[in-house]
Amino acid sequence: MLRYTLHRLLIGAGMLLALSVLIFILLRLTPGDPIDAYIDPNVAISQEEMAALRTRLGLDQPLPVQYFAWLSQAVQGNLGYSIQRFDQTVAGLIAQRMGPTLLLMAAGLTIAIVVGITAGVIGAIRRNTLPDLSLSVLALVGISSPAFLTALLGLYVFSVRLHWTPSGGMLTPATPFSLLDLLHHLILPAIVLSVGYTSLIMRYTRASMLEVLNQDYVRTARAKGVKEFWVIVKHTLRNALLPVVTLIGSTIGLAVGGAIFIETVFNWPGMGLLLVDAVGTRDYPVIMGATLVIGAAVIVVNILTDLTYAVVDPRIKVA
Amino acid sequence: MRLGMLASALAVTAALATGSTMLALPAVAQDGATITGGFDVGPGGLQGNFNPLAATAGFTWLVTYFEPLVIWNAELTRIEGALAESFEVSDDQLTYTFKLAEAKWHDGEAFTSADVAFTIRLAQNDKSGSVLAARLGSIASVETPDERTAVIKLSKPAANMLDTLTKLMMLPEHALSKIPVEELAKNAWWSATPIGTGPFKFSRYATDQYVEVVANPDYRGGAPEAARLINRYFKDPAAAIAALRAGEIQFTYVDSNDVSTFADAAAFEVIEGPSLVVNYVGFNQEVPLWKDLRVRQAFMYAINRDAIIQSLYGGAAEAANCVYTVDQFVPEGIEAFAYDPEKAKALLDEAGWAELNGDKPITILTYYTSPLVTNVLAAMQAMLAQVGINIVPRAVDTPTYNSIVYGETYGDFPLIFAGLQNGPDPSNINIGLNESQIPPAGANIMRVQMPEVTAALDAALGETDAAARDVAFQEVCKATNANLPWATMWVANRYGVASTKLENFVWTPAPAGGPFQAHPEKWSVAQ
């Protein structure tokens with residue numbers, strides 16, 4: 001187990017290195033650099049001034065020199081300074097954003113897991129009835145709605161029209177911190193983020209439940225006179241959840257992508273917003289740092305999922 | 001039972017949601033002394049920048065706590081004193097004398113002429129991250145005969161010196177002189193503990209959420225009416241509009257497409273003003289297609305500017321027949337280029353367009369990605385197609401645009417649709433049209449080399465007599481009307497929307513956000 005873990009971690013480190021090279025090259029292939037992003041075409045600024053800035057930031061150095069300069073600092077934990085927010089370190093920016101993103105993802109995934117599994121179970125045990133059909137239709141709509149559309153609709157209905165939730169942000173400005181204020185800001189983005197995953201988890205749970213419900217041991221349990229509730233919870237759901245657990249693990253990576261959309265629409269000050277801003281302004285150090293941290297997180301989660309899976313299902317060996 | 005569990009889970013969620021709504025509502029409509037706005041939304045804003053030396057925009061907000069020596073009035077018609085109580089420019093335009101107001105920094109120290117000298121030296125040094133260095137290059141020395149007088153001596157006249165000084169926020173020597181110049185831009189001072197002399201004091205920055213400033217009771221113009229101002233950050237104007245409609249903010253810039261949705265709303269006031277940015281079709285002079293004046297004239301006659309202004313801008317733009325639209329700089333008798341597709345065709349025939357290019361597609365590059373400009377370019381495409389010019393719009397983001405137009409692959413941008421600031425100081429246009437401003441020196445990205453245009457600009461910039469200066473800029477107008485370095489299109493209006501609860505609120509859509517005299521200390525909000 002330990003050897004397996006170490007092995008996976010080593011592969012993970014290699015993947016991160018490859019990711020950093022890839023992102024670095026992709027970034028430099030993208031037209032425009034941070035200085036180009038700084039010039040407002042309507043308000044012209046002398047190019048000489050910009051060239052001086054470029055030299056000072058080292059952007060005129062050959063690419064391999066720039067990459068290794070970055071890498072040698074990065075392995076020591078120094079991700080450098082943001083180019084567009086001169087006075088902020090990349091590590092500091094990322095550290096500030098990590099919490100909000102984790103909160104949003106955790107809230108979204110919790111809603112998705114609770115609602116998705118519950119709805120999936122209801123669908124399976126009430127197969128082909130009105131509740132099942134309505135849930136299936138809802139799930140289909142949920143899966144097919146792009147996150148940005150759901151987000152804009154949610155914003156329009158619940159913030160602009162009904163005034164139930166704030167239109168964005170994480171806390172009400174100029175008021176002391178309160179947990180309820182945070183939850184009030186969190187609820188809409190978290191629900192929007194969860195829509196797609198809820199539907200997915202529901203579909204998986206339902207299908208998996210139906211399969212297990214037909215198993216001999218379920219019939220045996222019923223024949224032995226086990227109460228229906230325990231048949232469902234203990235004998236069916238527990239076995240049906242295995243593929244769902246895998247699904248949840250593998251969607252965490254996807255959830256990061258979803259969070260980027262949601263954060264942009266709701267102005268949620270997380271990694272996604274940071275990354276979108278940084279790409280728009282070609283803030284190389286921030287893009288490199290943020291991608292690396294997100295990449296590392298996804299790799300770690302995947303390793304954890306594999307390890308958990310081995311624990312949950314004794315048939316799988318990780319030697 | 002299962003359903004019961006689900007129901008209780010839903011009930012808890014609903015209770016949480018409503019409970020928090022009830023709790024947060026008073027927070028939104030809290031004490032009337034807070035004014036919240038999207039002050040950095042739109043083209044004049046620069047969210048996340050706290051360093052005025054590095055500011056290319058965002059001055060509307062910066063002047064709530066910093067102040068320049070001089071500032072544009074709210075109508076953008078003349079420059080008046082801010083931290084300078086009065087100022088004088090010598091006849092030879094080489095000596096600027098500023099009498100300073102009796103002001104205090106937010107930490108209680110007195111503002112003196114030493115701070116002026118310090119700030120100018122800092123801004124002249126590009127190691128500080130200053131984007132003003134070249135523009136302040138003609139300052140030879142700053143003398144401080146006494147604490148309340150600063151004298152700026154120039155090595156040569158600079159027509160736009162006062163305009164540049166409006167963008168130079170005074171900085172406290174006592175707080176910043178200890179920080180090495182090279183490390184100044186990276187110092188946390190700017191976004192943590194900056195001090196200025198303005199009506200509000202910096203309070204806090206909630207990263208990417210908002211900036212809060214609180215009233216400076218010792219402000220020399222009187223204690224501010226509002227207790228605090230909050231500048232909320234938004235990814236785009238649409239998000240800010242949602243917050244405005246939800247009652248969370250009282251002001252934001254809005255795109256012209258969205259203005260009509262506020263027209264009948266009693267709770268909002270639409271603020272309209274010229275963008276002072278002239279939009280144009282630029283002809284890359286390194287591309288042989290545009291050498292012939294008749295081809296450039298054909299663009300002017302083929303594009304029905306009035307129709308575009310009426311149908312797409314809703315009438316909120318003024319057609320530009322030269323680089324200026326302000327009466328002061330537009331002489332009588334210049335060609336008006338009324339829509340005349342037949343004349344355009346004839347001109348193209350004379351110039352031999354069929355052999356020159358014919359109907360081969362020509363890319364027109366733009367950094368404008370709004371739906372409005374997409375429609376404008378589609379209209380232009382159709383109009384030009386009528387006379388036999390086949391343009392293909394290509395919209396890219398700003399960094400991509402800049403990397404292309406400052407590069408030398410001229411085939412990538414034979415045509416551009418762009419804008420350049422043409423006011424309030426008319427000399428702003430120089431950087432885009434003077435031959436001496438061809439990159440890397442300046443922003444003459446169309447590589448315009450037209451002796452008549454350059455001569456007119458040089459003459460206007462060197463003119464030291466104020467009355468003669470207007471005439472000199474009229475000559476610039478004439479030269480650009482006759483030579484058409486660009487096919488000038490229009491100056492469009494820009495908009496802000498404010499809640500009618502705001503009182504004494506002043507805002508104008510100035511390029512780069514001004515700065516202009518908005519007197520934030522007088523702003524208040526009705527309960």
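Laid out as a table, the results:
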item	result
Rule-of-thumb Rg ratio for the range A:91-250 [Cα; 2.2 N^0.38 Å; N residues]	1.27
Cβ crowding within 10 Å averaged over residues, with B:266-275, A:164-173, A:10-19 ranked highest first	A:164-173, B:266-275, A:10-19
Chain A - Rg and Dmax from Cα coordinates, angstrom	24.1, 86
Shielded residues, the range B:236-273 - accessible-area loss of 20 Å² or more between chain alone and all protein chains, probe 1.4 Å	B:Ala239, B:Ala242, B:Arg245, B:Ala246, B:Glu248
HN-Hα J in Hz across the range A:210-216 - Karplus 6.51, -1.76, 1.60, θ = phi - 60°, x for Gly and Pro	4, 5, 5, 4, 8, 6, 4
Residue-wise HN-Hα coupling along the range B:73-89, computed from phi with Karplus coefficients 6.51, -1.76, 1.60 (Hz; x: Gly, Pro)	6, 5, 8, 6, 9, 8, 9, 10, x, 10, 6, 8, 5, 8, 8, 9, 10
Extent along principal axes [Cα atoms of the protein assembly as shown; Å; largest to smallest]	107, 72, 60
Space enclosed by the convex hull of the alpha-carbon atoms of chain B, per residue, Å³	184 Å³
Per residue, the convex hull volume that the Cα atoms of the range B:275-406 enclose (Å³)	125 Å³
Listing of the range A:176-215 residues, each with accessible area lower by at least 20 Å² in the full protein assembly than in the chain alone (probe 1.4 Å)	A:Leu180, A:Leu183, A:His184, A:Ile187
Rounded Å value of the spacing that divides the Cα centres of the range B:488-527 and the range A:176-200	34 Å
Exposed-loop-free span, longest in chain B, where trypsin sites (Lys or Arg not before Pro) count as exposed if DSSP calls them loop and at most 12 other C-beta atoms lie within 10 Å	B:292-527
Solvent-free Debye scattering, log10 I(q)/I(0), computed from the Cα coordinates of the range A:1-106 at q = 0.14, 0.15, 0.17 Å⁻¹	-0.79, -0.88, -1.06
At 1.306 mPa s and 10 °C, Stokes D of the range B:196-297 from Kirkwood alpha-carbon radius, µm² per second	89 µm²/s
Dimensions (Å) - the range B:70-176, Cα atoms, principal axes, largest first	36, 32, 29
Tensor-based shape of the range B:487-526 (alpha-carbon gyration tensor, a/c under 1.5 rounded, otherwise prolate or oblate)	oblate
Amide H partners (placed H, <5 Å) of B:Glu80, local residues excluded	B:Ile71, B:Trp72, B:Asn73
Compactness of the range B:337-416 as Cα Rg over 2.2 N^0.38 Å, two decimals	1.21
CD proxy at 222 nm, helix term only [per DSSP H run n ≥ 4: -39500 (n - 2.57); per residue of chain A; nearest 500]	-24000 deg cm²/dmol
For the range B:381-458, convex hull volume per residue from C-alpha positions, Å³	134 Å³
Per-residue mean of C-beta atoms belonging to partner chains within 10 Å, peptide A:274-284	2
Solvent-accessible heavy-atom area per residue, rounded to whole Å², over the range B:224-267 at 1.4 Å	36 Å²
Rounded percent of accessible protein surface that carbon and sulfur make up, chain A, 1.4 Å probe	71 percent
Accessible surface buried upon B-A contact (total; probe 1.4 Å; Å², nearest 100)	5600 Å²
Residue mean of other protein chain beta carbons inside 10 Å, A:89-99	1
Value of [θ]222 nm, deg cm²/dmol, for chain B, DSSP H segments ≥ 4, -39500 (n - 2.57) each, nearest 500	-9000 deg cm²/dmol
Two-decimal Rg to Rh for the range B:221-280 - Kirkwood Rh, Cα set	1.03
1.4 Å probe, heavy atoms, protein only - residues of the range A:130-167 losing at least 20 Å² accessible area vs chain alone	A:Val160, A:His163, A:Trp164, A:Ser167
Fraction of accessible area attributable to carbon and sulfur, the range B:70-176 (%, probe 1.4 Å)	45 percent
Amide H within-cut-off set for B:Ile364, under 5 Å, with H built and near neighbours excluded	B:Val392, B:Arg394
Positive-end residue of B:Val89, B:Leu53, B:Asn430, charge dipole of chain B with Cβ unit charges	B:Leu53
At most 10 other Cβ within 10 Å, DSSP loop - trypsin sites (Lys or Arg not before Pro), the range A:250-319	A:Arg315, A:Lys317
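The values are calculated or read from the model by the stated rules, or taken from the named source; none is laboratory data. None of these values were measured; they are calculated from a predicted model. All Cβ positions, even for glycine, are placed from backbone atoms using ideal geometry, and neighbour counts span all protein chains on display. Protein only, heavy atoms only, side chains kept; ligands, DNA and RNA dropped before computing areas. Shrake-Rupley method; radii C 1.70, N 1.55, O 1.52, S 1.80 Å.
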